[in-house]
Amino acid sequence: MPIYNAPTKDIQFVLHDLLRISEQDIEGFDELDRDFTTAVVEEAGKVATEVLHPLNVVGDKEGCVMENGVVRTPAGFKEAFQQMRDGGWTAMDCDPEYGGQGLPYVIHTAAQEPFVSANMAFNMYQGLTHGAYSAIYAHGSAEQKQTYLPKMVSCEWTGTMNLTEPHCGTDLGLMRTKAVPDGDGSYKISGQKIFISAGEHDMAENIIHLVLAKIQGGPEGIKGVSLFIVPKFLVNEDGSLGQRNSVSAGKIEEKMGIHGNSTCVMNYDEAEGYLIGEEHKGMRAMFTMMNEARLGVGLQGYAQAESAYQNAVAYANDRLQGRDVTGAQNPDGPADPLIVHPDIRRNLMDQKSFTEGARAFTFWGAYLIDRAHRNQDADADGLISLMTPVIKGFLTDKGFEYATAAQQVYGGHGYIEEWGMSQYARDARIAMIYEGANGVQALDLVGRKLALDGGKHVMAFFEMIKTFVKENESHAVLNKDFLTPLKAASKDLQAAGMYFMQNATKPNNALSGSYDFMHMMGHVCLGLMWARMAKAAMEALDSGASDTEFYETKLATGRYYMARQLPATAMHLVRINTGGDTVMALEAANF
Ligand SMILES: Cc1cc2nc3c(=O)[nH]c(=O)nc-3n(C[C@H](O)[C@H](O)[C@H](O)COP(=O)(O)OP(=O)(O)OC[C@H]3O[C@@H](n4cnc5c(N)ncnc54)[C@H](O)[C@@H]3O)c2cc1C
């Protein structure tokens, strides 16, 4: 049985030592002092380890089962979901007007990490509901909000997002699901959606499907897509549940991972639906919640790597194989533990330096979302829009890479199901695909986000690095170990940006390098996070913090990232500078 311990100390380090959240001038942040966040994070960690983690393997092995159109979730899921409701965990950052607690998004994110690490498939039921809540909250009418939001905040009713169709994934303009006005203000929705997460299950009284469909006679392609609320059970005027709507799950998809989440084919057969926002503006409504949804998926990536890493460390300390090349560490035993070997250390340091950097990057992103929403800070909004594809694409690619790296520490035992390590890799894999496949994230970054508002936000990012370096370069140790490599990586990133500008009229050159650019920028962001964390750790040590081991470990881990991971930017730059010639050289027939 795999282990999991919530990294509450590190979560607190990011919130307080790095982001200094209780000192930020953001509405609601003054409540986030250490005592309060300790209570929240410790309690979230307890729920994650005691309630959700024991169900992770159960969910993987049992999966969801469909019988006579009814989907049964794995044993224990229903009870655990009730505990999440009772604990208020589904309502943390939601509007108090609808029963939420109104807490900042950053503290919601901090509490989410242990839940996702402990049981990603389970947490998706709540995550999807949160996404649907946000779309209705931003674009729904007052009546729609009153009708649906209180029950969704409490997760008595869960939510789904229905975009994908058999012939239409990334290219949503190809959508065929249609909406016909019914004369009474509602619409009849007909069509088939596939791969719908939490599409049908037995944990909630009602399921509120948010469905993209085209109103007949509207504009062609993506410009004709509108967003609808389609409840599983229609809701009576007094709020009670009415008749069953004509939406049903056709089947559960068999898939590689996240077996505890029911991924369904959903059939809409003239189902009653209600327009959210304006006709043909469905994509705008979806985009409103995209930064949050994609940040949540980026979190899934590193949260799976975190769980896998914890197990790999335990195994490396336990498994006896070979001898330390510098002398036996366990002379009375038949061999030394794996952890003595440099290559095992390299692997574990890769994992550790990634997950800690990724945590900082994600929480910083959540903080920017708070600034954008609570303070109407347009610069923060622009910056998080720029960062969103990087958080989603880089953290999920690396999350999967390191979940498999953790498997590698187990040798053959990592491949055998008994040890539970393959689940982390299988579960992490989907995060690279849904919520916009990672190749499309790279396209979004290079094709749209770099040039957003005349390139203002990417310039602001470079300026942020420059200012941080300038303000701290008098610190000799910080400068040598952290700022110098950060400067070099940032220079590589700027050079790549320059290449794209010079090749603006040659899109194949730019787009052949987009994936490299996304990874390059991911490394620079983690490099910046590590430089800031190093500064925070040094300050804590200088001020006589009692837990010197924690801060020394933080510095050593950061040094590893700067020395061994960040230089990857140079390789990415070399690739980008070769343009599209070698990428596009073959005729399609020659592949
Ligand atoms: C387990 C699971 C859960 C899911 N949950 C949901 C859900 O709840 N709701 C929902 O609506 N959908 C959901 N999806 C669907 C998911 O979002 C899509 O699979 C994803 O958007 C990609 O669409 P596609 O599979 O049709 O791939 P395609 O769009 O056919 O793309 C195939 C590949 O081509 C690449 N590609 C496509 N276009 C371009 C381009 N212009 N340039 C470069 N590369 C390109 C993509 O990156 C991808 O690698 C889920 C999928 C799975 C497997």
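The values are calculated or read from the model by the stated rules, or taken from the named source; none is laboratory data. These figures come from a predicted structure and were not determined experimentally. FYI the Cβ positions are ideal-geometry reconstructions off the backbone, even for glycines, and counts take in every protein chain you see. Just the protein is used for accessible areas: all its heavy atoms, side chains included, with ligands, DNA and RNA removed. Shrake-Rupley method; radii C 1.70, N 1.55, O 1.52, S 1.80 Å.
Remarks
- Shape of the chain, Cα gyration tensor, a/c cut at 1.5: prolate
- Couplings 3J(HN,Hα) of segment 467-475, computed from phi: 5, 4, 4, 4, 5, 10, 6, 6, 7 Hz, in residue order, whole Hz [Karplus 6.51 cos²θ - 1.76 cosθ + 1.60, θ = phi - 60°; x for Gly and Pro].
- Surface composition of segment 310-354: carbon plus sulfur atoms hold 50% of the accessible area, using a 1.4 angstrom probe and ignoring ligands, DNA and RNA.
- Amide H contacts of ILE194 (H built 1.01 Å from N, in plane; Pro and chain starts excluded): THR164, GLU165, MET266 sit under 5 Å, all sequence-distant by 5 or more or on other chains.
- Candidate lysines - alpha carbon under 19 Å from LYS480, same-chain residues fewer than 8 apart omitted: LYS466, LYS470, LYS491, LYS535, LYS554
- Pairs of lysines in segment 116-263 (C-alpha under 15 Å apart; 8 or more residues apart or interchain): 11
- DSSP-loop trypsin sites (Lys or Arg not before Pro) across segment 209-257, with at most 16 other Cβ within 10 angstrom: LYS255
- Sequence-distant residues sharing a close amide H with GLY277 (under 5 Å, placed H): SER141
- The string of couplings for segment 217-232 from the Karplus curve (6.51, -1.76, 1.60, θ = phi - 60°) is x, x, x, 6, x, 5, 6, x, 8, 10, 10, 10, 8, 10, x, 5 Hz, one whole number per residue in order, with x for Gly and Pro.
- Helix 105-118 and the longest principal axis of the Cα set of the chain meet at an angle near 80°.
- Selection of GluC sites (Glu not before Pro), segment 523-591, meeting DSSP coil and at most 14 other Cβ within 10 Å: GLU587
- If you take all other residues with their beta carbon under 13 Å from the beta carbon of LEU383, and give Lys and Arg +1 and Asp and Glu -1, the sum is -3.
- Using the average count of surrounding beta-carbon atoms within 10 Å as a protection proxy, the listed peptides 522-535, 560-573, 98-111 rank, highest first, as 522-535, 98-111, 560-573.
- Protein heavy-atom accessible surface, 1.4 Å probe, per residue over segment 419-559: 43 Å².
- Whole-number percent relative contact order across segment 510-591, with pairs defined as alpha carbons under 8 Å at least 6 apart: 53
- For GLN329, the residues whose amide H sits under 5 Å from its own are ASP324, ignoring neighbours fewer than 5 places away on the same chain, with H placed 1.01 Å from N.
- The residues of segment 1-82 expose on average 48 square angstrom of accessible surface per residue, using a 1.4 Å probe on protein heavy atoms.
- Length-normalised contact order for segment 347-417 - Cα pairs under 8 Å, 6+ apart - percent: 36
- Carbon plus sulfur fraction of accessible area for segment 170-222, probe 1.4 Å, in percent: 50
- Backbone phi angles across segment 442-455, fed through the Karplus curve with coefficients 6.51, -1.76 and 1.60 (θ = phi - 60°), yield HN-Hα couplings of 5, 4, 4, 5, 7, x, 10, 6, 4, 8, 4, 6, x, x Hz in residue order; Gly and Pro are listed as x.
- Partners for LYS46 among aspartates and glutamates (Cα-Cα distance below 13 Å; same-chain residues under 8 apart left out): GLU113
- For the chain, with +1 on Lys and Arg beta carbons and -1 on Asp and Glu, the positive-most of LEU486, LEU172, LEU511 along the dipole: LEU511
- Shape category assigned to segment 380-538 from the gyration tensor of Cα positions, a/c cut at 1.5: oblate
- Tensor-based shape of segment 102-202 (alpha-carbon gyration tensor, a/c under 1.5 rounded, otherwise prolate or oblate): oblate
- Within the accessible area of segment 388-491 (1.4 Å probe), percent carbon and sulfur: 61
- Rounded to 5, percent antiparallel among DSSP beta bridges of the chain: 80
- Accessible area in square angstrom per residue, segment 205-354, 1.4 angstrom probe: 42
- Each stretch of four or more DSSP H residues adds -39500 (n - 2.57); spread over every residue of the chain, this sum gives -16500 deg cm²/dmol at 222 nm.
- Using C-alpha pairs below 8 Å separated by at least 6 residues, the relative contact order for the chain is 13 percent.
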